[in-house]
Amino acid sequence: MVVEVQPPTAERTDRRRGAKQRTRLPRGADLVIWLALVCGAGIMAFPLYWMFATAVRPAGELFTGEFDLIPSALAWSNFSEAWGKLPWGTFYQNSVIIAVIGTCLTVFINLLAGYAFAKYSFKGRDVIFILMISTLMVPIQVILVPTFMVVSEMGLVNSIWGVILPRGAEAFGIFLVRQYLVSMPNELMESARLDGASEFRIFWSIVLPLCKPVIAVLTIFTFMWRWNDFVLPLVTMQDQSSFTVPLGLNFAKGLYYTDWTGAMAMTLLSIIPMLIVFVIFQRSFVQGIASSGMK
Amino acid sequence: MFVPIIGSFYMSLNDWTLMGESTFVGLANFIDLFTDGVFWQAFANTGYYVAGTVPTTMGLGLLIAIGLNRQLPGRTFLRAIYFVPVCISLVAVGLISLWIFNDSYGVLNNLLTTVELPAVPWLSSATWAMPSLIIVTIWIRLGFNMVVYLAALQAIPTELIQAAKVDGASSWQRFRYITWPLLAPTSFLLVILNVIFSLHVFDLILVMTNGGPGFSTTVLVQYIYREAFQSGEMGSASAVGVVLYLLLMAFTLTYWRLSRQSTNAV
């Protein structure tokens, strides 16, 4: 029941062994399994390849009835044409602002809350913690209506804060931080307290530096959620000038109707930031998912 | 964090419109709901979707995890490929799928006709729309299940497997009597997570079919959205929310109890 965010040492040694064996092909049963896995990976990768192949294809080629897996020519102009049809610049700007501010805020709040749950004892702590975990079960659509009412009463419709604030504290993140900090020795904090450090100072200069691995996992996941978020912006961002990239894509669906090269070009652009984040932080990603499944 | 949930319970007992006043109507929203045919269809569709996605993603995820748990060349790369769809936004996935499943120009129907099979009206027929959504969901969620199972498999001590090998257990026996029972807590958790994910599904359906054709792919959360933001019936939308929440709780508790009983029995 413990979430561990530690470098998986076992796997690292595994890898080294794997590197030695890389030169020879697997045999027998292993070969069959390996081929099946490679085919499976091909199927998994195909939709992404097809998106790319469609995005760079000359538009005229799509509807000729002829069918070719590889585009005959690369038409990079598809991108600039599709870009001009909607204010994509604004959409990306909104998305980046929301993702960056939202991630900083959420990670900070989750760290504070997780630290409080792990290291302070106050009345009703465990009850509050369990109640908070149970909110993980509630689909966002269930609380969508009340959330929207709160947002609109605060006058935050069409404002980036209408998307950022309702997601300020994330049960998953608080849980992750709490599990990570619970095993930290209390003596660290107590000696600082004896030296006269303020509570916030203890958090800032002692706890935070120890939290680096969990901060990495939290940041990546929160960034992904904010960047891909759709439902909340869909109801709170109603003016086109406040659209985020996913909203723009959804809107484009109707606009580009038969212009599939354009639609695929814009889809490709929208997932590139996430792909880059994924490639760089693959290890933390996989680890975060794996540890969330181990709880 | 709880205000919206409690608010949602309270609102389900009122007659709210988006901008108007609220009046207390007791359980009238629930009675309206249970007599609405679309609600029951959404209910059945949700069941169909859950049944189509949960066992398939978990089964395939486990298979791939077992495969990737062996020493194979390019294992890290393969794992990354299987996992990549997890981090792509559902709207983007929806658009890609719309194009791939396109009736006349989509690559899937083109491939089918190339091998002389009849083309399938994927998203334009009430029969095929849901299977299309299920296929796309499997594509998205496979990597997640695989990674969680892979982590659990790597936590199994190799001594156990080696000992069984020495005792002459076949590979199927080793899986059935050692690996599978040790994976039970993981499987339990994955069932719950996958059911929650499946009940959450919204973005994908909104982009791909918007609940159609007809109401053939309208699921409960879709119904909530429709009621609340298209008809402006906040009260009855909240009532659906409450039903969904209670369903999920009931499911989790029953499942938790059942799985505890079965482990006690063993």
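Once whole DSSP H runs in chain B are found, which of them have Cα atoms spread over 20 Å or more along the helix axis and a mean Kyte-Doolittle score of at least 1.6?
B:180-200
If you count, for each residue, the other Cβ atoms within 10 Å and average over each peptide, how do B:45-51, B:169-175 line up from highest to lowest?
On the way: B:45-51: 18.0, B:169-175: 13.1.
So the order, starting with the most tightly packed, is B:45-51, B:169-175.
Test of understanding: ordering B:257, A:226, A:193 by Cβ neighbours within 10 Å, fewest first, what list do you get?
Exposure proxy ranking, most exposed first: B:257, A:193, A:226.
Please report, to two decimal places, log10 I(q)/I(0) for the range A:169-295 at q = 0.13, 0.15, 0.22 Å⁻¹ as given by the Debye formula with identical point scatterers on the Cα atoms and no solvent.
Evaluating at q = 0.13, 0.15, 0.22 Å⁻¹ gives log10 I(q)/I(0) of -0.74, -0.87, -1.24.
Going 7 Å from the Cα of residue A:251 toward and past its Cβ, which residues in the range A:211-233 have a backbone nitrogen under 14 Å from where you end up?
Within reach of a label on residue A:251: A:233.
What is the magnitude of the charge dipole of the range A:86-255 about its Cα centre, with +1 placed on the Cβ of each Lys and Arg, -1 on the Cβ of each Asp and Glu, and no other charges, expressed in debye to the nearest 20? Could the numbers behind the result be given before it?
On the way: 10 positive and 9 negative charges, 31 e Å.
So the magnitude is around 140 debye.
Could you list log10 I(q)/I(0) for chain B at q = 0.10, 0.14 Å⁻¹, which the Debye formula gives when each Cα is one point scatterer?
Normalising to I(0) and taking log10 leaves -0.67, -1.08.
Partner chain Cβ atoms within 10 Å, averaged over the residues of B:147-154 - can you pull that number for me? Intermediate results must be reported in sequence, preceding the final value.
Working: counts 8, 7, 2, 5, 10, 3, 0, 5.
The shielding value for this peptide is 5.
Run the helix sum for chain B: -39,500 (n - 2.57) per DSSP H stretch of 4+ residues, divided by residue count, reported at 222 nm to the nearest 500 deg cm²/dmol.
Estimated from H runs of four or more residues: -22000 deg cm²/dmol.
Which is the longest part of chain B that has none of the GluC sites (Glu not before Pro) sitting in a DSSP loop with at most 14 other Cβ atoms within 10 Å? Intermediate values should be presented prior to the final figure.
Details: sites that count: B:21, B:116.
Between the exposed loop sites, the longest stretch runs B:117-266.
If packing is taken as the average number of other Cβ atoms within 10 Å across a peptide's residues, how do A:201-207, A:51-57 rank, most packed first?
The most tightly packed comes first, giving A:51-57, A:201-207.
Could you work out the local net charge near residue A:100, counting Lys and Arg as +1, Asp and Glu as -1, over the other residues with Cβ closer than 15 Å to its Cβ?
+1
From the convex hull of the Cα coordinates of the range B:174-217, what is the mean projected area in square nanometres? Show your work: numbers first, answer last.
Working: hull surface 17.4 nm².
Across all orientations, the range B:174-217 yields a mean hull projection of 4.4 nm².
How many Cβ atoms of partner chains, on average, are near each residue of A:33-45 if near means within 10 Å of its Cβ?
5
What FRET efficiency comes out for the pair residue A:73/residue B:31, r = Cβ-Cβ distance, R0 = 56 Å, nearest 0.05?
It comes out at approximately 0.35.
Test of understanding: what is the full-extension gain from residue A:52 to residue A:96, defined as 0.36 nm times their sequence separation minus their Cα-Cα distance?
Contour length minus the Cα-Cα distance gives 13.5 nm.
Since every read-out is calculated from the coordinates, none of them should be taken as a lab result. Fair warning: this is a prediction, and the values are worked out from it, not measured in the lab. In this analysis, Cβ positions are derived from the backbone assuming ideal geometry, glycine residues included, and neighbour counts consider all displayed protein chains.
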